[in-house]
Amino acid sequence: MAYSNKAKEFFDGEIKGIQEAGTFKEERFIESPQAANITVEYPVGTDTKEVLNFCANNYLGLSNHPDVIKAAHDGLESRGYGMSSVRFICGTQDIHDELERKLTEFLGTEATVLFASCMDANAGVFDVVLDKEDAMIADRLVHASIVDGMRLCKAQLYNYKHMNMDHLEEKLKETQDCRFRMIITDGVFSMDGDIAPLDKIVELGGKYDAMVMVDDSHSTGFMGKTGRGTHEHCGVFGKIDIITTTLGKALGGASGGCVSGRKEIVDLCRQRARPYLFSNTVPPVIITAANKVIDLISKTTDRRDKLENNTEYFRTKMTEAGFDIREGVHPIVPIMLYNAKLAQDMARDLYNEGIYVIGFSFPVVAKGQARIRVQISAGHEKEHLDKAIAAFTKVGGNYNILGKGKKEIIEMYGY
Ligand SMILES: *Cc1c(COP(=O)(O)O)cnc(C)c1O
């Protein structure tokens with residue numbers, strides 16, 4: 001080992017600083033498949049415990065679905081384990097093309113190109129489409145992977161206030177002299193479950209000749225009447241120039257992502273997107289399983305309907321129980337607690353009651369906006385929801401926050 005104590009002491013100090021700030025992230029070992037019911041070893045080294053999972057992105061409950069697992073086995077048998085190549089050398093199988101076509105159909109676009117992840121899709125797409133004389137106009141709360149993707153692109157960067165259409169329009173006026181403009185947003189924002197007003201965004205895009213790019217990772221598969229995503233939910237299906245999304249959430253939750261949209265942009269990504277050109281092909285097992293997922297959710301809306309019903313039930317009951325939850329219809333349900341320690345303490349107590357949730361605080365959310373983010377799944381049965389609601393009510397009662405709003409909770413616990 002080559003580096004000196006000077007460097008070691010610096011890194012140790014950084015880690016200590018994170019611990020002292022109370023933002024050190026500990027991993028818990030799950031010793032079962034991902035599902036509503038999981039077996040967890042936490043703290044690591046202690047006995048395992050059966051808990052109900054309320055913090056996965058497993059929105060449709062497909063992560064451990066028998067048909068999906070079977071399709072993965074079939075892929076392994078028929079197309080092998082790895083491709084040992086990028087797509088354009090010898091890493092493209094017929095099944096990759098099949099999945100790209102299916103995603104195109106499902107998302108209502110013209111073409112699709114797969115990436116190893118949505119993070120990679122976002123890292124590649126901006127640099128392919130835009131250059132120095134162009135402008136990126138992004139919502140201030142876009143996902144970190146978009147922030148990083150925009151950093152890799154030479155276009156000028158503008159922000160608009162979160163979901164503020166007047167401010168977006170101002171920025172569009174300000175950038176009239178640029179060659180191309182792109183409006184950039186998450187379809188659904190992951191911390192709040194906020195749904196971007198895509199109808200208005202598309203309208204502004206049309207009015208000012210700006211492209212519209214939407215990262216729909218927290219929406220593909222279940223938002224909208226047939227689960228196509230935020231564009232369907234907002235009535236602008238087929239009208240988004242560029243959609244990026246992930247296979248790592250509702251669509252089985254393994255890994256993989258894509259850029260889907262206008263054909264010429266997708267074609268250019270195949271030629272120029274660096275994470276596409278210089279990173280390995282998504283493996284066959286994931287592709288055949290993802291093909292099955294798209295088949296399942298194209299055939300019936302049962303799962304997204306169940307998710308919608310579960311979400312409405314949970315939101316209603318938790319509001320009745322006296323929790324301060326951010327309003328909305330998304331299965332991300334932020335239970336607002338404002339104080340970071342309170343969020344951590346309640347999450348720990350809930351775990352002891354058999355409910356696995358995580359407290360989020362700065363820097364993941366703004367200071368004074370600490371919360372427990374609950375995520376509902378179609379894999380949850382009513383008894384699971386009832387158990388969670390009962391546990392929350394018991395723990396919330398212990399901290400005396402039921403029926404209390406922001407002001408009262410902050411008076412009791414501070415920021
Ligand atoms: C989860 C997420 C990603 C990352 O997706 P991966 O496929 O896991 O890289 C990107 N964007 C948004 C908005 C996300 O929520």
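The values are calculated or read from the model by the stated rules, or taken from the named source; none is laboratory data. Owing to the predicted nature of the structure, the values given are computational and were not obtained by experimental measurement. Cβ coordinates were reconstructed from backbone atoms using ideal geometry, including for glycine residues, and neighbour counts include every protein chain displayed. The accessibility values were calculated without ligands, DNA or RNA, using every heavy atom of the protein model including side chains. Shrake-Rupley method; radii C 1.70, N 1.55, O 1.52, S 1.80 Å.
Just a few scattered comments:
- Scanning segment 143-163 for residues that are open to solvent by 20 Å² or more (accessible area, probe 1.4 Å) and within 16 Å of the ligand (Cβ to nearest atom) returns H143, A144, V147, D148, R151, L152, H162, M163.
- In segment 106-142, residue farthest from the chain's Cα centre (by Cα) [restricted to those that are more than 13 Å from the ligand (Cβ to nearest atom) and closer than 18 Å to L247 by Cβ]: A111
- So V329, is it in contact (Cβ under 8 Å) with a residue 12 or more places away in the chain, within 16 Å of the ligand (Cβ to nearest atom) and within 22 Å of the chain's Cα centre (by Cα): no
- Being open to solvent by less than 30 Å² (accessible area, probe 1.4 Å), away from the ligand (no atom under 12 Å from the Cβ) and either touching a residue at least 60 places away in the same chain (Cβ under 8 Å) or touching a Phe, Trp or Tyr at 6+ places or on another chain (Cβ under 7 Å) (or both) is not true of V188.
- Filtered residues of segment 346-372 (kept if part of a helix (DSSP H, G or I) and out of contact with any Leu (no Cβ under 9 Å at 6 or more places or on another chain)): A347, R348, D349, L350, Y351, N352
- Hey, F278 closer than 28 Å to P33 by Cα, at pLDDT 95 or above and of a type in the set (F, W, Y) or not: no
- Looking at T92, T104, just one residue is assigned by TED's automatic domain parsing to the domain that holds T226, crowded, with 18+ Cβ neighbours inside 10 Å, out of contact with any His (no Cβ under 6 Å at 6 or more places or on another chain) and among the β-branched types (V, I, T), and that residue is T104.
- Spans of helices (runs of 4 or more DSSP H) in segment 54-159 with at least 1 residues out of contact with any Asp or Glu (no Cβ under 9 Å at 6 or more places or on another chain), in contact (Cβ under 8 Å) with a residue 24 or more places away in the chain and over 30 Å from G235 (Cα atoms): 66-79, 94-107
Per-residue answers, yes or no, for (1) more than 14 Å from the ligand (Cβ to nearest atom); (2) surrounded by fewer than 22 Cβ atoms within 10 Å (Cβ to Cβ); (3) of a type in the set (A, V, I, L, M); (4) farther than 30 Å from G75 by Cα:
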| residue | (1), (2), (3), (4) |
| --- | --- |
| D199 | yes, yes, no, yes |
| V202 | yes, yes, yes, yes |
| A210 | yes, no, yes, yes |
| T246 | no, no, no, no |
| G252 | no, no, no, no |
| A273 | yes, no, yes, no |
| S279 | no, yes, no, no |
| T301 | yes, yes, no, no |
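- Contacts under 9 angstrom Cβ, first residue in segment 362-374 being open to solvent by less than 80 Å² (accessible area, probe 1.4 Å), partner small (G, A, S) and part of a strand (DSSP E or B), 6 or more apart: A370/G359; R371/G359; I372/G359; R373/G359
- The number of residues in segment 379-408 that are closer than 27 Å to E26 by Cα and in contact (Cβ under 8 Å) with a residue 24 or more places away in the chain comes to 16.
- Criterion applied to A390, A378 was being in a helix (DSSP H, G or I) and within 22 Å of N53 (Cα to Cα), and the one residue passing it is A390.
- Test: residue in segment 321-342 that is outside the structural domain of L103 (by TED's automatic domain parsing), part of a helix (DSSP H, G or I), open to solvent by less than 60 Å² (accessible area, probe 1.4 Å) and under 21 Å from K367 (Cβ atoms): yes
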